[in-house]
Structure formats: C-alpha cells, structure tokens
Amino acid sequence: MKKLFIFLGVFVHWLWKLLSAGCTILFNLFVLFIVLLLLVFFVQPPVHVPNGSALVISPAGDIVEKTTAISPISRFINGFAGITLPRETLLQDIIDVINAAADDNRIKILVLHLTEIDQSSLNQLQAIGRALERFKSTGKKIIAIDDQYNQMQYYLASFADKIFLNPMGTINLRGFGVFRLYLKELADRLAVNFHLFKVGSYKSAMEPFTRNDMSDEARESNQLWLTNLWKLYSDTVVRNRNLSEGFIDRYINEMPSHLHRLGGSNSKMALDANLVDGIKTRAEIESYLSSLVGKSADDSSFKHINFSDYLETVTRSYQNGDNKQNRIGLIVAGGNIVYGKNVPGQISSENIRELIRKAKRDKTIKAVVLRIDSGGGSAFASEQIREELHLVQKSGKPVVVSMGALAASGAYWISAGADQIIASPYTLTGSIGIFGIMPTFENTLARYGVFSDGTGTTKIAGSGSPFLPLPPELSESIQLNVEEGYNRFLTIVSEGRKIPMEKVESFAQGRVWDGATAMNLGLVDKLGTLDDAIKEAGKLAGLAKYSAVYVRETSYSGLRLFNTLGQGAVRWAEQLHLFNSASKSFWYNFSKQVELSLFESDPSCIYAHCLIPHSAIAF
C-alpha cells in the first residue's frame with residue numbers, strides 16, 4: 001500500500017510538472033505570436049521605389065470617398081468564414097498617388113490597369129482625369145493596358161498617351177440610360193395595395209410600384225440630365241483622342257456596319273476608329289513596357305511599383321492637420337440618409353450630427369466643408385442634420401457643401417442653407433419633393449381565405465397592421481403631412497438660396513438636374529472640385545493660411561490598435577489568398593441596387609429621396 005501511494009505521488013508530481021511546463025510553453029508561444037504580430041504590422045520594411053520605374057495604377061473595387069464602417073477585424077473574420085465584403089479604394093488615395101508620382105523623379109511612366117474597378121461615378125472619374133492631366137504636364141507618359149474597357153474604364157484610359165487592347169478585347173461604349181423594373185401588374189396580381197403619397201409631378205421614385213412604365217414627366221427629366229452628362233463624357237473622350245465632334249454617337253449607332261467592314265473584330269474596329277493605339281497580347285504589352293523602363297530586378301516583369309505599395313510612401317491629404325494653425329474641417333457623408341446611428345454605408349443622422357458638433361466645438365476648426373454623395377432618404381433625419389449645420393453657422397463658422405455624384409432630395413435639403421454650394425458638372429441634384437408609401441396586403445390574404453378583423457377605440461386604431469385596409473382618415477392625414485413637408489422643403493430652399501418661393505416651385509416638383517443646369521437655376525453657386533470647396537471655405541473664414549483635415553469619430557487607443565492589427569491581417573491574408581476579396585456577396589449587391597431597407601428609417605414614413613444609384617447610368 002505504501003508503494004502505491006509513493007507511485008501515485010511520483011505520478012502526480014511529474015504530471016503537474018508536465019502540465020506546468022506545457023502551460024509555460026503555450027504562454028511563451030502566445031507571447032511570441034503577439035510579438036511577431038507587432039513586428040509584422042509595426043516594423044514593416046520601407047517600400048523601395050526603383051529608379052526609372054513604372055507606377056501601375058490599379059484601383060480595386062468601388063471607388064469611394066469614405067470607406068464603409070466595417071471593422072478590419074470583422075473583415076478578417078468574415079473572410080475566413082467565406083463571407084465576402086466589398087472592396088473599396090479611396091478616391092483621394094488615387095489622386096494623392098498620381099500627384100506624388102508627377103513630382104517623383106523615380107517614376108518614369110504611369111500605367112493604367114483598370115480592370116479591377118467595380119463602381120465609380122462620373123465626377124470621381126473627372127477628378128482622377130484632372131490628376132492624370134497634371135501628371136502628363138510634367139512630360140511623363142501614361143500607358144493604358146487592359147484586355148477590354150467598359151465605359152468607365154475607357155473614360156480614364158482616354159487620358160493616356162497610348163491605349164492598348166487585347167486582340168479579343170472590345171471597347172464597350174453604349175451611352176447612358178436609366179432603366180428600371182415596373183411592378184404594378186405584379187402588385188395587382190398579388191392584390192397588394194401600394195398607398196402612395198407625394199408632392200411633385202417629377203417625383204418618380206415610387207413609380208415602379210404604381211406604374212408599368214416610365215411616366216412622361218420622369219422620361220422628360222431623365223432624358224435632359226442623361227443627355228447633358230453624356231455630352232460631357234463624349235466631349236472629354238473626343239478631346240482626349242482627337243476625334244471629330246459627334247464621333248462617339250456615330251461609332252455606337254453604326255457599329256454593325258463597322259463590324260461588317262472589319263470582319264466582326266471588335267479590337268480592329270476600335271483601332272480603326274482611333275479609340276486605341278495598338279492591339280497587343282499580354283506578352284506583347286509586357287515586352288513593350290519592358291522596352292520603356294527595363295526589366296524588374298528578378299527579371300520576372302517590367303520594372304514597376306504597384307499602387308498599394310507606392311501609397312505607403314505618400315503623405316495622404318486631409319489626414320494630419322497642424323493643430324496650432326487654423327483648420328478647415330472636412331466631413332464626408334455618403335449613402336442613404338437614415339434616422340438613428342451606426343448604420344454601415346449610410347448617412348446615419350446621429351453619427352453625422354456628432355461629427356458636426358465635434359467640428360463646432362473644435363476651436364482650431366474655423367470652417368466646415370460637407371462633402372455629400374447621397375440621393376436623400378428620411379426627411380426627419382435630413383432636417384436634423386440641416387439644423388446641426390445651421391448651429392455651426394450661428395457659431396460664426398461658415399459651411400460649404402461640396403456635392404459628389406448625387407446630392408438630391410434629402411441631400412439637397414441638408415445643403416440648401418450652406419454659405420456656398422459647389423457641385424461637379426456631373427453632379428445630379430435637386431429632386432425637391434416629398435413622398436410616402438405604405439403597402440397593405442388585405443386583398444392578398446383574402447385570396448387565400450385569410451381575413452383580419454377586430455375592434456378599436458378610434459377609426460385608425462388598427463392602422464399599424466399591414467393586413468387591414470388603410471383608413472381614409474389616416475390616408476388624408478399622411479397626404480397632408482407630405483404636403484406640409486414639401487412646403488417646408490420649398491421654404492428651406494427659398495430662404496437658404498435666397499430665391500423667391502414661386503421660382504423655387506417652378507424648378508422643384510421633384511425634378512432632377514445636372515450640375516451645370518442646377519448652377520444656372522441658382523441651386524448651386526459654382527462648378528468645381530472638393531479642393532475648390534475647401535478654398536472657398538478658407539475665403540469665407542478669412543483665412544490666409546490653413547490646413548484641411550477630416551473630422552472623424554473619436555476612437556479609443558485600444559480600438560485603434562485592434563483596427564491596425566486587423567488591417568494588417570487583412571493585407572496579409574489577401575496576399576496569401578486566404579479568402580477571395582474580389583467577389584461581393586449577394587446581399588451587398590442587392591441592397592445597393594434595390595435600397596428597400598431605406599424605407600424603414602423615417603419615424604413618419606416620409607422621405608425626400610431620389611432613387612438614382614450611380615449604376616443607373618450603366619457603365
């Protein structure tokens with residue numbers, strides 16, 4: 001028995017030692033892992049830019065002006081889980097890289113490789129085009145290389161000195177159009193009642209639910225701005241490629257005859273039309289670029305540096321202002337305007353209001369520039385944001401609005417009271433109108449023998465149910481609320497823009513205008529860029545010297561550390577191809593196109609929104 005206890009004692013002793021040693025080893029490995037992470041993410045080797053090299057501009061994903069507020073840690077975890085999230089490239093990063101390369105003696109040429117761009121807007125392309133023109137003004141060359149080009153990619157490629165196309169490639173020019181699905185007949189077959197309340201003959205956002213085709217008013221409005229934007233696009237391409245006026249329209253409309261003449265080859269047709277400078281395979285392009293800049297150190301390609309690597313060497317705009325001098329606060333707002341907070345990819349009213357309050361409290365910020373890209377949304381949320389901007393003005397700080405691709409309806413509601421409004425010629429704005437929509441399904445259920453019934457203390461007690469008919473008292477009340485909201489909208493525009501009410505009514509009615517027409521109507525003050533808006537803000541604030549900085553939400557140091565680690569982990573995982581970030585999830589694409597979730601965001605179900613997504617002018 002004594003020997004048994006001795007044996008058990010020795011066994012427990014060594015088992016304890018083994019467990020202790022194992023825990024120590026695991027702990028040491030964990031510490032080593034953390035140290036390695038810190039070394040990887042914080043002690044990165046400097047980026048080497050080879051002398052006389054090509055800079056390859058190859059933005060990936062959507063070009064945006066503010067990244068979607070998704071934690072890098074979440075992106076990393078979702079990637080491993082197989083959930084693909086949208087790729088995004090900041091517009092300002094592209095501009096900063098091109099501008100830096102123009103003054104960098106190590107960069108000999110710029111190579112445009114645009115195939116990875118998913119979505120971009122015309123005003124963003126115009127801004128990139130300006131940067132490309134500045135690059136060319138230094139005497140350096142730009143070469144565009146791709147297997148094929150859609151309209152968006154070709155717009156940028158047209159700024160290049162040389163454009164090359166694959167022998168089996170095509171220049172896919174089609175023109176601009178707005179085409180939507182109309183669901184009235186389907187709604188009738190399903191016996192769904194869409195109760196629509198609106199003011200404005202041109203307020204067509206909800207037409208797909210109440211018609212089977214585009215109304216004459218919507219067709220007239222859309223045709224005007226589509227024609228104006230297409231002319232801007234065509235004129236730019238014609239100028240860049242030294243083509244005759246009207247050539248692009250003739251090229252598209254007479255495409256069958258061109259193809260017949262050239263044996264059906266799209267690439268030969270593009271070359272014959274002077275849309276490209278040469279037809280080359282990938283191997284031939286590689287050889288051509290090598291002849292311009294030489295081979296890379298490992299002899300695997302032409303001597304070059306990628307966009308993402310070169311970005312690490314560039315001082316980014318609006319990131320770090322001098323706290324000791326006067327500053328212009330830049331607030332970027334993109335997406336639908338929704339009531340509440342923390343809605344990723346949207347303009348959440350509470351988040352934007354907090355940023356505006358932060359800019360108002362900051363004594364070093366002397367003026368605010370609101371960069372807005374939105375078709376509107378919740379009327380209530382729009383008014384809350386507008387009021388917050390008005391308080392900034394009352395504090396003595398001027399407010400300038402810089403309009404992106406779309407600044408219509410609720411976005412214009414927010415903008416109307418600014419001291420200055422600056423838009424791009426490609427901006428779509430206006431859409432001064434209000435609507436509300438409420439579907440009910442009582443007839444749908446009745447078809448299947450299901451009925452809703454009950455009793456209440458008032459005529460509208462059951463109005464919260466979508467399975468009951470809409471009481472006429474509630475219907476009339478909603479219409480009156482919509483009309484009151486429209487009159488409020490007109491008043492805001494009239495007082496903010498100092499335009500007589502009757503004149504505002506003449507170009508309101510929910511009609512959409514392009515930037516140049518909007519300026520002629522007095523809806524905007526000038527045509528220009530974000531930089532122009534910042535300069536205007538400096539003038540209004542009486543500043544001779546200033547720096548512009550992004551106004552961002554406060555993040556705690558611990559969160560910043562995890563975000564930094566997450567960003568590094570994402571880059572590391574992408575380089576190892578641990579998940580495919582090139583594709584987008586179905587839900588993301590669906591929500592971007594349909595935007596139905598918007599219509600849950602207003603407390604009164606009243607919206608100032610223009611449903612023209614960037615993709616409407618089909619690139």
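Name the residue that is farthest from the chain's Cα centre (by Cα), counting only residues in region 383-413 that are part of a loop (DSSP other than H, G, I, E, B) and within 20 Å of residue 531 (Cα to Cα). My answer is 397.
Residue by residue, here is whether (1) of a type outside the set (Asp, Glu); (2) surrounded by 19 or more Cβ atoms within 10 Å (Cβ to Cβ) holds:
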| residue | (1), (2) |
| --- | --- |
| 476 | no, no |
| 479 | yes, no |
| 487 | yes, no |
| 503 | yes, no |
| 527 | yes, no |
| 531 | no, no |
| 546 | yes, yes |
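Do we find a residue being within 27 Å of residue 57 (Cβ to Cβ), of a type in the set (Phe, Trp, Tyr) and surrounded by fewer than 17 Cβ atoms within 10 Å (Cβ to Cβ) anywhere in region 279-292? Yes, there is a match, as at least one residue in region 279-292 is within 27 Å of residue 57 (Cβ to Cβ), of a type in the set (Phe, Trp, Tyr) and surrounded by fewer than 17 Cβ atoms within 10 Å (Cβ to Cβ).
Within region 430-445, one or more residues are within 16 Å of residue 372 (Cα to Cα), of a type in the set (Gly, Ala, Ser) and outside the structural domain of residue 224 (by TED's automatic domain parsing). The condition of being more than 30 Å from residue 209 (Cα to Cα) and either modelled with pLDDT under 95 or not aromatic (Phe, Trp, Tyr) (or both) holds for only one of 162, 184, that being 162.
If you go through region 448-480 and pick out every residue that is of a type in the set (A, V, I, L, M) and farther than 20 Å from residue 189 by Cα, you end up with 5.
Only residues that are modelled with pLDDT of 90 or more and either of a type in the set (D, E, K, R) or part of a helix (DSSP H, G or I) (or both) were counted in region 95-122, giving 14. Considering region 314-353, and only residues there that are among the basic types (Lys, Arg) and part of a loop (DSSP other than H, G, I, E, B), the residue that is modelled with the highest pLDDT turns out to be 316.
Residues checked against (1) out of contact with any strand residue (DSSP E or B) (no Cβ under 7 Å at 6 or more places or on another chain); (2) assigned by TED's automatic domain parsing to the domain that holds residue 128; (3) surrounded by 16 or more Cβ atoms within 10 Å (Cβ to Cβ):
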{"position": "164", "(1), (2), (3)": "no, yes, yes"}
{"position": "171", "(1), (2), (3)": "no, yes, yes"}
{"position": "186", "(1), (2), (3)": "yes, no, no"}
{"position": "193", "(1), (2), (3)": "no, no, yes"}
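So, residue 370, is that one surrounded by 24 or more Cβ atoms within 10 Å (Cβ to Cβ), in contact with a Cys (Cβ under 8 Å, 6 or more places away or on another chain) and in a strand (DSSP E or B) or not? When the stated conditions are applied, residue 370 does not pass them.
The values are calculated or read from the model by the stated rules, or taken from the named source; none is laboratory data. Please read these numbers as outputs of a predicted model, since none were measured by experiment. Cβ coordinates were reconstructed from backbone atoms using ideal geometry, including for glycine residues, and neighbour counts include every protein chain displayed.
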